[in-house]
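Peer 1: Quick one: the structure is below, questions incoming.
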Amino acid sequence: MILRLAITVLAIGLVAGAIVTVKYNQNAARSSAMAGGPPPATVTATQVRLAQWTQRIEAVGDLTAVEDVAIASEVPGKVIEINFTSGAPVAAGEVLVRLEAGEDRAQLEALKADLHLARLENDRITKLRGSAAFSQSLLDRTQSEMASLEAQVERQEVFLQRKTLRAPFDGVLGIRQVSRGTIVAPGEPIVRLQSVAPIYVDFTVPERHRGSLHTGQALEVSVAAWPDEVFDGELIVVSPDVDVRSRTLKLRGLLENAEHRLQPGMFATVHLILSGEEPVLTLPRTAISFFAYGESVFTIQQAGDKLTVKRQPVKVGRTRNEQVEILSGLAADQRVVHTGHMKLRDGQTIVIDAGIPLPQDESDR
């Protein structure tokens, strides 16, 4: 009995010793691994590049027609003729709409007949001058009536002309708002007419740029409808006053737009080209970490064959073609992590994967 108990206690002791030994070895292996640090992270690298950027001001604006009017009648009437197609180009002077004018023409003919009679009466009385039958007061009254009728004829002719609506300038028509038989009131819109070749671009810039602005400066304009194209123009107006609420200057540029691809109301990104170029330090946008408290990059530190990273705060400026201007914090040719920085921490060991092609910098303009 005592022997059996001793054997049991010995077996339990051996098992407990084995468990303790295994645990000790596991903890030792874990501590050894932690002492050696995490495995190296694989990243791609790029360099801070010194580029020549044209001095420019970037702004946003709207495209505006050079001429823009809602065609409307000055007199009431019924539409009897429509001589245009919605969206079609027209030349200045082309007839667009005619209103019913039969009664008005008849009234004009009646006035002309009365005027003719008044002129005959004036001639008869004038021939009596020097005779006993001549009356100066009768001549004066006849001449007054003749002048009044001449004015009425002229006014009726103008009224008739207003029954025919013509294009006041070359342009492109919008969508017509009336049909044949529509009775229009004075001022009621019939169709919109816009001159879009050339076309204006209106935009604003901060007042601090006033000293760099003058008419004739080149513009580069892009719109969402043609994302891969740049439309050239020039600055033609610098507003003489500053908006006191936004502290901005309103500017106007002119674009040729011969193919009518730019349309009034489009949102535009405008680059106002200033004279000369300036050297700037640049990095790809993907190499920079953007946070609420500021921007930073991971610089690459080399000690022998070992590569580590260090977080470096930077101050950024303009962005151009996915390249970001570095205002401070880095020097030219300094190596930084391009991709893979989201998983890094200060001092971590890295391995650079040179097999991943990096995008080319096309910002030198």
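Peer 1: At 0.36 nm per residue, minus the direct Cα-Cα distance, what do Asp202 and Glu157 gain on full extension? Give it in nm, one decimal, please.
Peer 2: In short, 12.0 nm is gained.
Peer 1: Could you state the accessible area per residue of the chain in Å², with a 1.4 Å probe and every protein chain left in place?
Peer 2: 61
Peer 1: Then there is this: Could you report the accessible area of Arg318 in Å², rounded to 10, computed with a 1.4 Å probe on the protein chains as they sit in the structure?
Peer 2: My reading of the accessible area for Arg318 is about 70 Å².
Peer 1: Measure off 7 Å from each Cα along the Cα-to-Cβ vector at Ile80 and Phe291, then give the distance between these two points in nanometres to one decimal.
Peer 2: If labels sit at Ile80 and Phe291, their model points lie 8.0 nm apart.
Peer 1: Only helical DSSP H runs with n ≥ 4 go in: add -39500 (n - 2.57) per run for the chain, normalise by residue count and round the 222 nm mean residue ellipticity to 500 deg cm²/dmol.
Peer 2: -8500 deg cm²/dmol
Peer 1: In nm, what is the difference between 0.36 nm times the number of residues separating Ser275 and Glu67 and their Cα-Cα distance?
Peer 2: 71.8 nm
Peer 1: Over the chain, what is the mean sequence separation of C-alpha contacts under 8 Å (at least six apart), divided by residue count, expressed as relative contact order in percent?
Peer 2: Contact order relative to length: 27 percent.
Peer 1: Apply the Karplus parameterisation 6.51 cos²θ - 1.76 cosθ + 1.60, with θ equal to phi minus 60°, to every residue of the range 205-217 and state each ³J(HN,Hα) to the nearest whole Hz, in sequence, with x for glycine and proline.
Peer 2: Using θ = phi - 60°, the values come out as 9, x, 4, 5, 8, 4, x, 9, 9, 7, 5, x, 5 Hz.
Peer 1: Please sort 288-295, 84-91 by packing, taking for each peptide the average over its residues of neighbouring beta carbons within 10 angstrom, highest first.
Peer 2: Result, highest mean Cβ count within 10 Å first: 84-91, 288-295.
Peer 1: Sticking with this structure for a sec: With +1 assigned to the C-beta of every Lys and Arg and -1 to the C-beta of every Asp and Glu, and no other charges, what is the dipole magnitude of the chain about the Cα centre in debye, to the nearest 20?
Peer 2: Around 2000 debye, computed over the chain.
Peer 1: Something else: Going through the DSSP H helices of the chain, which span 15 Å or more along their own axis at the Cα atoms while scoring at least 0.0 as a mean Kyte-Doolittle hydropathy?
Peer 2: Membrane-span-like by this criterion, though nothing is claimed about a membrane: 2-35.
Peer 1: Toward the positive end of the charge dipole of the chain, about the Cα centre and with charges on Cβ (Lys, Arg +1; Asp, Glu -1), which of Ala118, Ala185, Gly216 goes farthest?
Peer 2: Gly216
Peer 1: What is the calculated FRET efficiency for Ser135 to Ala92, with r their C-beta to C-beta distance and R₀ = 56 Å, to the nearest 0.05?
Peer 2: Result of the calculation: an efficiency of 0.60.
Peer 1: Starting from the Cα-Cα distance between Ser239 and Lys112, subtract it from 0.36 nm times their residue separation and give me the gain in nm to one decimal.
Peer 2: 40.4 nm
Peer 1: What FRET efficiency, computed as 1/(1 + (r/R0)^6) with R0 = 30 Å and r the Cβ-Cβ distance, is obtained for Phe169 and Glu103, rounded to the nearest 0.05?
Peer 2: So the FRET efficiency works out to roughly 0.45.
Peer 1: Now for a separate question. When the scattering of the chain is computed by the Debye formula from its Cα atoms alone, each counted once and equally, what is log10 I(q)/I(0) at q = 0.06, 0.08 Å⁻¹?
Peer 2: Cα-only, vacuum Debye calculation for the chain: -0.56, -0.74.
Peer 1: When all protein chains stay in place, what accessible area (Å², nearest 10, 1.4 Å probe) is found for Lys112?
Peer 2: Lys112 has an accessible surface of roughly 80 Å² with all protein chains in place.
Peer 1: How large a share of the accessible area of the range 48-138, in percent, is made up of carbon and sulfur atoms when the probe is 1.4 Å and the other protein chains stay in place?
Peer 2: Reported share for carbon and sulfur atoms: 51 percent.
The values are calculated or read from the model by the stated rules, or taken from the named source; none is laboratory data. Here the structure is a predicted model, which means the values were calculated and not measured. No Cβ is skipped: glycine too gets one built from the backbone with ideal geometry, and neighbour counts run over all protein chains shown. Quick note on the areas: whole protein, heavy atoms, side chains included, nothing else; ligands and nucleic acids left out. Shrake-Rupley method; radii C 1.70, N 1.55, O 1.52, S 1.80 Å.
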